[in-house]
Amino acid sequence: MYLTCLDLEGVLVPEIWIAFSEATGIPELRKTTRDEPDYDKLMKYRIKILKEHGLGLKEIQETIAKIDPLPGAKEFLDELRSCTQAIILSDTFEQFAAPLMKKLGMPTIFCNTLEVADNGEITGYKMRCDKSKWTTVKALQSCGFETIASGDSFNDLGMIEISKAGFLFRTTEQIKKDYPQYPAFTEYSELLAAIKNVIKN
C-alpha cells in the first residue's frame, strides 16, 4: 500500500514564521528551513529573537488565525486522499498546526511540541523523535507501506531520499541545483499527476 508523506509549510500553507515576520516587522524571523538546515540552531535563534521582542505563543497564534491554505492546496489534498493514504510530516508545532488542519479538512499530521511558560513565553521545543521525517518514513516502511514524499526544504530531503519516489515542490533554486535527481514541481496538478503515476505503475 502506498502512503504519501507531505511537508506542510511552503507546500500546503504559507510559511508561518515568514507571515509572523511580516506581521511584526521583524525581518530576522523570516529565516526558515530553506535557509538553515540545522533545525535546532534555527529554533534557538527564533526563540532568542522572540524573547528580545517580548513576543510569545499568543502573538504567533493570532497571526496563524489569519493564515489560509495556499490556493488550491485543500483541493489537491482532497483529490490525493481520494486515491491514496496521505500524512503530513512537519517540523512545525501542534500549537501552530491545529487551526490550519481544520482549514485543510483535518488530514493526519505528525509534528512537534513547543515548551511554553505560564506567561506564554516560548522557552523551548520538543521534537517528536530524532530526525523526525526520516525516522517516521522509515517506521512507516517497516509497517509495509511504500512511501512517496514531497517537500520544499532541507529538512524534507531525508524522507524524499529514502522513499520509493520523491518530489520537490516550490523549492529554492539552490536546492533544485544541488539535488537535480528529484523532479521539481510548482503546480499541484503536476505533483498530483506524478504521485498518481507512481501509484499506477
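The values are calculated or read from the model by the stated rules, or taken from the named source; none is laboratory data. As the structure is a computational prediction, the values presented were derived from the model and not from experiment. Every residue, glycine as well, gets a Cβ built from its backbone with ideal geometry; the counts of neighbours run over all protein chains shown. Side chains are part of the model used for accessible areas, which takes the heavy atoms of the whole protein and leaves out ligands, DNA and RNA. Shrake-Rupley method; radii C 1.70, N 1.55, O 1.52, S 1.80 Å.
Brief remarks on what is shown
- Taken over segment 148-201, residues that are polar (S, T, N, Q) and closer than 16 Å to L80 by Cβ amount to 4.
- Pairs, first touching a residue at least 12 places away in the same chain (Cβ under 8 Å) and within 22 Å of D130 (Cβ to Cβ) in segment 33-57, second among the acidic types (D, E) and surrounded by 13 or more Cβ atoms within 10 Å (Cβ to Cβ), C-beta under 7 Å, six or more apart: T33/D91; R34/D152; Y39/D91
- Residues within segment 130-157 that are free of Cβ contacts under 8 Å to residues at least 60 places away in the same chain and not in a helix (DSSP H, G or I), tallied: 3
- Here A184 qualifies as among the hydrophobic types (A, V, I, L, M, F, W, C), touching a Leu at 6+ places or on another chain (Cβ under 6 Å), on the phi < 0 side of the Ramachandran plot and without any contact (Cβ under 8 Å) to a residue 40 or more places away in the chain.
- Scan of segment 158-172 for residues that are part of a helix (DSSP H, G or I) and either of a type in the set (S, T, N, Q) or out of contact with any Leu (no Cβ under 8 Å at 6 or more places or on another chain) (or both), ordered by number: G158, E161, I162
- Taking each residue of segment 62-80 that is in contact (Cβ under 8 Å) with a residue 60 or more places away in the chain and looking for partners that are of a type in the set (V, I, T) and buried (at least 19 other Cβ atoms within 10 Å of the Cβ) with beta-carbon atoms closer than 7 Å, six or more apart or interchain, yields A73/V13; L80/T4; L80/I195.
- Scope segment 130-153; condition under 20 Å from A194 (Cβ atoms) and open to solvent by 40 Å² or more (accessible area, probe 1.4 Å); matching residues: Q141, F145, E146
- Considering residues of segment 83-129 that are in a strand (DSSP E or B) and acidic (D, E) only, the residue surrounded by the most Cβ atoms within 10 Å (Cβ to Cβ): D91
- Test: residue in segment 49-62 that is within 15 Å of the chain's Cα centre (by Cα), polar (S, T, N, Q), at pLDDT 95 or above and on the phi < 0 side of the Ramachandran plot: no
- Index of the failed condition, Q181 passing every other in (1) farther than 28 Å from N112 by Cβ; (2) assigned to a strand (DSSP E or B): (2)
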